[in-house]
Amino acid sequence: MTTGTLQDFAYRIEDLRISYGDHQVIHGIDLTIEKNEVTALIGPSGCGKSTFLKALNGMVRTTSNATWSGTIEWNGKNMIQENVDPLELRQKVGMVFQKPKPFPKSIYENVAFGPKIHGVKKKDIPEIVEQTLRDAYLFDEVKDRLHESALGLSGGQQQRLCIARALATSPDILLMDEPTSALDPLSTIAVEELILKLKEKYTVVLVTHQMEQAARISDSTAFFLMGELIEFNRTDALFQNPKSQQTEDYITGRFG
Amino acid sequence: MQRRKLADKTATVVLTMFAAIIVIILTALLGYVLSLGIQQVNWDFLTSKSSSFRAGGGIQDQLFNSFYILLWTMIFTIPLGLAGGIYMAEYAKDNRITAFIRICIETLASLPSIVLGMFGLLIFVNATGMGYSILAGALTLTIFNLPIMIRTCENALRAVPLELKEGGLALGYTHWRTITTVLLPSAFPSILTGIILSCGLVFGEAAALLYSAGMTTPKLDFGNLNPFASDSPLNIMRPAETLSVHIWKVNSEGIIPDLRDVADGGAAVLVTVILIFNISARVFGSWLHKKLTAK
């Protein structure tokens, strides 16, 4: 790992542009994401917030033919210009998706999946699995059936298992793409409480289409519209005193 | 309103009728073949050699040949089909070359099997000089079966939810490792079902084998397991008449007095084996699916 100056941010993004073919979806975004905070990305559907999130672990380049330019500084490197090993990047930056989709394997296997490829010794894996499941506040609910299929869990438990799966490679950063949109209200509360606890150890970047969720659990909020960053501020300030008319229109429910 | 209800009812009745017709045809056919043949089938029939002139011959060698050619066909087809399916589902870009490959696969799938048999005769039997043999037959059947296998594997892989693939990639797995550790295990039940179903298809195929595996079987010594001996059943360079080819041959040019009985019995055995393949594909596939998804 390159040792740069000790950085007090998780990401520094400058003039980020992303296109799918001729269609540009991110139009020059500057944003700094602080460590050990929950940063929420909000905006109407199609505003580019999910694409932006997928750029932060390079997934946008892996799963589609997108092209990008600008700067995403992570861990002392600009991952757009310099060669960043996707294995290392994704060990340090975990990701949780919209739909809870555990692998069709046992609960234990799901959590052990990441550590296995990152060179963790076999004898250390059981301890990592237990600790990670505890971190995801799932261990007590599943400790008697670790070796049963993960698909037997409830939707909320499955999503917390997916969070555990992402935590098991001991990342610093967790990217979450609308992690509660497929969950019922009770499971949503459980996952939100978990996110609040996670920020002690992790930096969380959360895409959400629920403004209330951003207001409840995030420290900073970025408002995206048509691939541009309209406003970025501390969450209280952004919701109570939006500087931009567009932000105000969106958070007061006039569109979107 | 009244008319729409009527149309809905008519559609239901008509479609149910068509389904019923299919079931009736199948049961009638199976009933006919089995009722004629089942009385001929006994342990002796299954385990004695066929006879060229006298009555009372069995189908032992032919039955073995059918399974043995099936085995070699699958040894060739499964890796090729998997590789093709993985390529088409995961690596092929959406461009003209892929469209061309797709047309090739579809054309191959719609070629009459007798044409494939002639191809096998020209290429495997004659051009390579291997003669009528199990190997030539299995290679011909591989061409026959490959398009189905590629499509089965491709569809099975495409049916895996995208989130699972992304889940693997997001943990730092490479594309290839994601395919082997996430996609293939998830697609395995459908792939296995497809393989067993195509076993039934291959097992019953006759036309492609007439001029590739041949219509005769040398004297076999089932005690000789040296695969290079000419009288060993395991030798893949020997000609091998399969069960379906045998039924065709006995019926069309047989001179044994009990040829009807042998053909009927052979057909009953053939149909039963294919039925077992089809039913086990369903049972085994859904059992595996349940086991893997714990639902």
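Coordinate-derived values only; no laboratory data. Worth saying up front: this structure is predicted, and the values here are computed from it rather than measured. Note that each Cβ is placed from the backbone with ideal geometry, even for glycine, and that neighbours are counted across all protein chains shown.
Between the stretch A:61-140 and the stretch A:233-252, what is the C-alpha centre distance in whole Å?
33 Å
Could you tell me whether the stretch B:12-167 comes out rounded, prolate or oblate from its Cα gyration tensor? Rule is a ≥ b ≥ c as square roots of the eigenvalues, rounded for a/c under 1.5, then prolate if a/b exceeds b/c, otherwise oblate.
Oblate.
By how many degrees, between 0 and 90 and to the nearest 10, does the Cα long axis of helix B:134-158 differ from the longest principal axis of chain B?
The angle comes out at about 20 degrees.
Return the Rg/Rh ratio of the protein assembly as shown with Cα-based radii and a Kirkwood Rh.
Values: Rg = 31.4 Å, Rh = 28.1 Å.
Expressed as Rg/Rh, it is 1.12.
If you count the DSSP beta bridges with both ends in the stretch A:9-251, what percent of them are antiparallel, to the nearest 5?
Here the share of antiparallel DSSP bridges comes out near 60 percent.
Return the distance in nm (one decimal) between the two label points of a simple spin-label model at B:F222 and B:S48, each offset 7 Å from Cα along Cα→Cβ.
About 1.4 nm separates the two model spin labels.
Roughly how tilted is helix B:96-110, in degrees to the nearest 10 and between 0 and 90, from the longest Cα axis of chain B?
Once rounded, one gets 30 degrees.
When Cβ neighbours within 10 Å are restricted to other protein chains, what is their mean count per residue of peptide B:169-180? Walk me through the intermediate numbers first.
Numbers: counts 8, 19, 17, 16, 7, 4, 2, 0, 2, 1, 0, 0.
Shielding by partners across B:169-180 averages 6.
In the Gaussian network model of chain B, springs joining C-alpha atoms below 10 Å, which of B:L171, B:L36, B:L108 carries the largest mean-square fluctuation?
Of B:L171, B:L36, B:L108, the most mobile in the Gaussian network model is B:L171.
Among B:V41, B:V262, rank each residue by its count of other Cβ atoms within 10 Å, from fewest to most, as a rough exposure measure. Walk me through the numbers before you get to the answer.
Details: B:V41 18, B:V262 26.
Fewest to most other Cβ atoms nearby, the residues stand as B:V41, B:V262.
With everything on Cα atoms, drop me the angle between helix B:60-86 and the longest principal axis of chain B, reported from 0 to 90° to the nearest 10.
20 degrees
At R0 = 30 Å, how high is the FRET efficiency between B:A20 and B:S110 if r is their beta carbon distance? Nearest 0.05 is fine.
Efficiency for this residue pair is about 0.55.
Report, as an integer, the average count of C-beta atoms from other chains found within 10 Å of each Cβ along B:161-168. Intermediate results must be reported in sequence, preceding the final value.
Details: counts 3, 4, 7, 5, 3, 8, 12, 4.
Average per residue, whole number: 6.
Where does the protein assembly as shown land at 222 nm, in deg cm²/dmol rounded to the nearest 500, when only DSSP H runs of n ≥ 4 count, each adding -39500 (n - 2.57), divided by all residues?
Helices in the protein assembly as shown give a 222 nm mean residue ellipticity of -16500 deg cm²/dmol.
Work through the residues other than B:Y173 whose Cβ is under 10 Å from its Cβ and net out their charges, Lys, Arg +1 and Asp, Glu -1.
With Lys, Arg at +1 and Asp, Glu at -1, the net is +4.
Below 14 angstrom from the Cβ of B:N42, what's the summed charge of the other residues (Lys, Arg +1; Asp, Glu -1)?
-4
How charged is the neighbourhood of A:M79? Take every other residue with its Cβ under 12 Å from the Cβ of A:M79, and add Lys/Arg as +1 and Asp/Glu as -1.
Result for the neighbourhood of A:M79: +1.
Tell me the relative contact order for chain B as a rounded percent, counting alpha carbon contacts under 8 Å between residues six or more apart. Let's see the in-between values first.
Values: 390 pairs, mean separation 76.3, N = 295.
Over chain B, the number comes to 26 percent.
Provide the per-residue ³J(HN,Hα) series for the stretch A:121-133, in order, calculated from phi with Karplus coefficients 6.51, -1.76, 1.60 and θ = phi - 60°, each as a whole number of Hz, with x at glycine and proline positions.
Going residue by residue, I get 5, 4, 6, 8, 5, x, 5, 4, 4, 5, 4, 5, 5 Hz, with x marking Gly and Pro.
If you take each beta carbon of peptide A:57-64 and count the beta carbons of other chains within 10 angstrom, what is the mean?
3
Taking other Cβ within 10 Å of each residue's Cβ, how do B:W176, B:W72 sort, fewest first?
Fewest-to-most Cβ neighbours within 10 Å comes out as B:W176, B:W72.
Of the listed peptides A:89-99, B:89-99, what is their order by residue-averaged count of other C-beta atoms within 10 Å, with the highest listed first?
A:89-99, B:89-99
For the stretch B:238-295 and the stretch B:1-53, what is the centre-to-centre distance using only Cα atoms, to the nearest Å?
If you average the Cα positions of each part, the centres end up 16 Å apart.
Calculate how many DSSP beta bridges within the protein assembly as shown are antiparallel, expressed in % of all such bridges and rounded to the nearest 5.
60 percent
Evaluate the relative contact order of the stretch A:9-251 (contact order divided by residue number), counting alpha-carbon pairs under 8 angstrom at least 6 apart; express in whole percent.
It rounds to 28 percent for the stretch A:9-251.
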